[in-house]
Amino acid sequence: MGRNLATKILADHLVEGELIPGREIALKIDQTLLQDATGTMAMLEFIATGIDRVKVELAAQYIDHNLLQTDNKNADDHAFLASAAQKFGIHLSKPGNGVSHQVHLERFGVPGTTLLGADSHTPTAAGLGMLAIGAGGLDVALAMAGRPFNLPCPRIWGVKLTGELQPWVSGKDLILELLRRHTVKGGVGKIIEYYGPGVATLSATDRATIGNMGAELGATSSVFPSDRRTLEFLEAQGRGDVWRELAADPDAGYDDYEEIDLSRIEPMIACPSSPDNVVRVAEIEGLKVDQVIVGSSVNSSFRDLMTVCRVLDGRKIAPQLSFHINPGSRQVLENVVAQGGFIMLLLAGAQVHQPGCLGCIGMGQAPGTNQVSLRTFPRNFPGRSGTLEDRVYLCSPETAVAAGVFGVVTDPRKLAELLPWPAVQNPERYLVDDAGIAAPPADGSTVEIVTGPNIVPFPDFAALPDQLDLEVIIKVGDNVSTDAIMPAGNKVLPFRSNIPAISRFVFEQIDPEFPQRAAAKGDGAVVGGGNYGQGSSREHAALAPRYLGIRAKIAKSFARIHRANLINFGILPLTFKDPADYDRLRQGDRLRIAGVRELVAAGATEIPVRVEGGEIVTLLDATERERRELVAGSLLNLVKEEHHGSKP
């Protein structure tokens, strides 16, 4: 039997281990990606390694999240990132140049390579046949330092595509259909590989949309072949020389298999407040809409925005509705302007913003009380928009612009009554302007790093003690996201380089008293349900609780990236051996884990936890490497021990 494409790329980059699902492997990383919401801390972590220059083929730092400069904090951090990029050999995408995923696709992506990004939507690069994986900032910092990336070997989920999408239906509808079928946990532990004759009908940016939202399935990554459509995009970017053809062998096998006829996909929409709460658009037609946003992290390419422009040409936005455009990059905006799209948007009454994440990360554009907001974003977790009781729906650009025209949720196929299907294609040659990207000098040794008052040194964490006496500080349910653990938005994100300050916001949406209670109690524990820590890769959702004294999290199951982040910062990720024990624990319970250091170091998989009135058994599924990290108190402690012989 032949090999699938994901296995080929994994094998080409395998440093340690065997490609057996579930076994730990280590991969060589070719490229790294940081954005400013995660990158400031990751850069501090890289500096802590003592390495004087990045060791990967290409490292990129994007300033795309924290663009609002309401005081000095974001501006100071941008100056820090710019100077660090120059010193350590990192390409810098400046504020306003665009969202990391879109810009990396345009200017840096190379088929067949590995990309590790401190952003869960890094798999957008699947659009170019890359194996791109989201991770915590510390993992990315260490990859920049030349260390391989460790992860459990994923299963390969083959999705065969046949047919072709119908007019007014796009790649967003395909990935929403997969979320409808499989939920936010359907891709956990898997790489989704798309193949089959239907793949050739999808452009590189269509594929990027699908790869981006594979993260919402919980997938490790997604991958598409590198074919003539990939070559078209790279040549249009003036980078055709990096293309190479990549595909699965004709007789390749897969661990899991699914077949989808693209011609049968209908317009889909994710209802509040989860990306998998998906129904057909036709099922909720007529719902009054107050706000529409197209762009940001996903669906912000030229095709996406120009489709909206063509529909709005000569028309007006519904009077009660605000309609926003967030271009994915400066390049996208320039090409839309060149095609006359910008004036179409202005005359229609749309608001066009600078390229960036903006409302996708809760940085402005919050909807009003009880307002319905349709967004082409990848996530609609509760409160992520900036409005606590929000009503956010996720949809395609076609569905978004249909609502903009009619003022209510409308099946976009009804736009055919007003105009022919635009059938927008990406340009044969993009206007390319790299003025927003600063390449590093050949030698950055003389560059001085600029640090503002909001940049606080990385905290020291103690090693794992012999015994843990803990109090359950909070108990939460299933599918708690990292947004719920560590909120984003313009109030919180400016403190991302100041752990003492940002820790004040942990669990703010669920329990605003958590930080004070945790800090007062000393060592503590968190109890969670299934899929705990889904969503964003932000390591602050592990780092800030550790700073507050959380030493263990006991859950039914953990999302991949968050689990890795917990281990990176010395928090025990324990699961219930008997899920019924979840019901036994309450906030305020006292727990004791005796001999925990010895148990972890010795490879014990069962960790007994004394509770009031008895004992429960928890499981620690961890590799030898992960156990060393936990014993050391953090991955950074372990790295220091290995390189400098120092212990915390």
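The values are calculated or read from the model by the stated rules, or taken from the named source; none is laboratory data. Since the model is a prediction, treat every value here as computed from it, not as a measurement. Ideal geometry is used to build each Cβ from the backbone, glycine not excepted, and the neighbour counts take in all protein chains shown.
Among the residues of region 416-430, some residue qualifies, meaning at least one is touching a residue at least 60 places away in the same chain (Cβ under 8 Å), over 30 Å from Gln291 (Cβ atoms) and of a type in the set (Lys, Arg). Within region 5-25, can one find any residue that is under 25 Å from Asp443 (Cα atoms) and touching a Pro at 6+ places or on another chain (Cβ under 8 Å)? Checked against the condition, which is being under 25 Å from Asp443 (Cα atoms) and touching a Pro at 6+ places or on another chain (Cβ under 8 Å), region 5-25 yields no hits at all.
Residue-by-condition table, conditions (1) within 23 Å of the chain's Cα centre (by Cα); (2) farther than 19 Å from Leu358 by Cβ; (3) modelled with pLDDT under 90:
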site	(1), (2), (3)
Asp36	yes, no, no
Gly39	yes, no, no
Ala42	yes, yes, no
Arg53	no, yes, no
Leu58	yes, yes, no
Ile63	yes, no, no
Thr70	no, no, yes
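Tell me the residue from Ile51, Ile20, Ile29 that is aliphatic (A, V, I, L, M), in a loop (DSSP other than H, G, I, E, B), in contact (Cβ under 8 Å) with a residue 40 or more places away in the chain and crowded, with 24+ Cβ neighbours inside 10 Å, please.
Numbers: Ile51 fails: crowded, with 24+ Cβ neighbours inside 10 Å; Ile20 fails: crowded, with 24+ Cβ neighbours inside 10 Å.
Checking each option against the conditions leaves just Ile29.
Tell me, which strands (runs of 3 or more DSSP E) wholly within region 570-648 include 1 or more residues that are touching a Pro at 6+ places or on another chain (Cβ under 7 Å)? Strands (runs of 3 or more DSSP E) meeting the threshold: 614-619.
The residue that is farthest from Ser385 (Cα to Cα), counting only those in region 284-299 that are of a type outside the set (A, V, I, L, M) and in contact with a helix residue (DSSP H, G or I) (Cβ under 6 Å, 6 or more places away or on another chain), is Asn299. Within region 341-355, the residues that satisfy the criterion of being at negative phi and out of contact with any strand residue (DSSP E or B) (no Cβ under 6 Å at 6 or more places or on another chain) are Gly341, Phe342, Ile343, Met344, Leu346, Leu347, Ala348, Gln354. In the set Ala601, Ala632, Ala594, only one residue is more than 34 Å from the chain's Cα centre (by Cα) and touching a residue at least 12 places away in the same chain (Cβ under 8 Å); that residue is Ala594.
Gly588 meets each of the listed conditions (1) under 20 Å from Gly524 (Cα atoms); (2) buried (at least 18 other Cβ atoms within 10 Å of the Cβ); (3) of a type outside the set (Lys, Arg) apart from (2).
Just one of the listed residues (Arg590, Arg586, Arg563) is at pLDDT 95 or above and under 28 Å from Ala135 (Cα atoms), namely Arg563.
All of (1) surrounded by 16 or more Cβ atoms within 10 Å (Cβ to Cβ); (2) over 27 Å from the mean Cα position of the chain (by Cα); (3) among the charged types (D, E, K, R) hold for Arg391 with one exception: (2). For first residues located in region 523-544 and of a type in the set (Val, Ile, Thr), partners that are in a loop (DSSP other than H, G, I, E, B) and at pLDDT 95 or above and lie 6+ apart or on another chain with Cβ distances below 6 Å form the pairs Val527/Leu585.
Mind listing just one residue for me: the one in region 274-313 that is touching a strand residue (DSSP E or B) at 6+ places or on another chain (Cβ under 7 Å) and of a type in the set (S, T, N, Q) and, of those, surrounded by the fewest Cβ atoms within 10 Å (Cβ to Cβ)? So the residue we want is Asn277.
If I filter region 65-80 for residues that are surrounded by fewer than 20 Cβ atoms within 10 Å (Cβ to Cβ), within 24 Å of Leu142 (Cβ to Cβ) and outside the structural domain of Gly328 (by TED's automatic domain parsing), do I get at least one hit? Checking region 65-80: not a single residue is surrounded by fewer than 20 Cβ atoms within 10 Å (Cβ to Cβ), within 24 Å of Leu142 (Cβ to Cβ) and outside the structural domain of Gly328 (by TED's automatic domain parsing). Just checking, does region 570-580 include any residue being surrounded by fewer than 24 Cβ atoms within 10 Å (Cβ to Cβ), basic (Lys, Arg) and closer than 15 Å to Asp478 by Cβ? No - not one qualifying residue is present in region 570-580.
Residues in region 269-278 that are among the hydrophobic types (A, V, I, L, M, F, W, C) and either outside the structural domain of Arg391 (by TED's automatic domain parsing) or in contact with a Phe, Trp or Tyr (Cβ under 8 Å, 6 or more places away or on another chain) (or both): Ile269, Ala270, Cys271. When Val279, Val308 are checked against the criterion of being part of a strand (DSSP E or B) and modelled with pLDDT of 95 or more, Val279 stands alone in meeting it.
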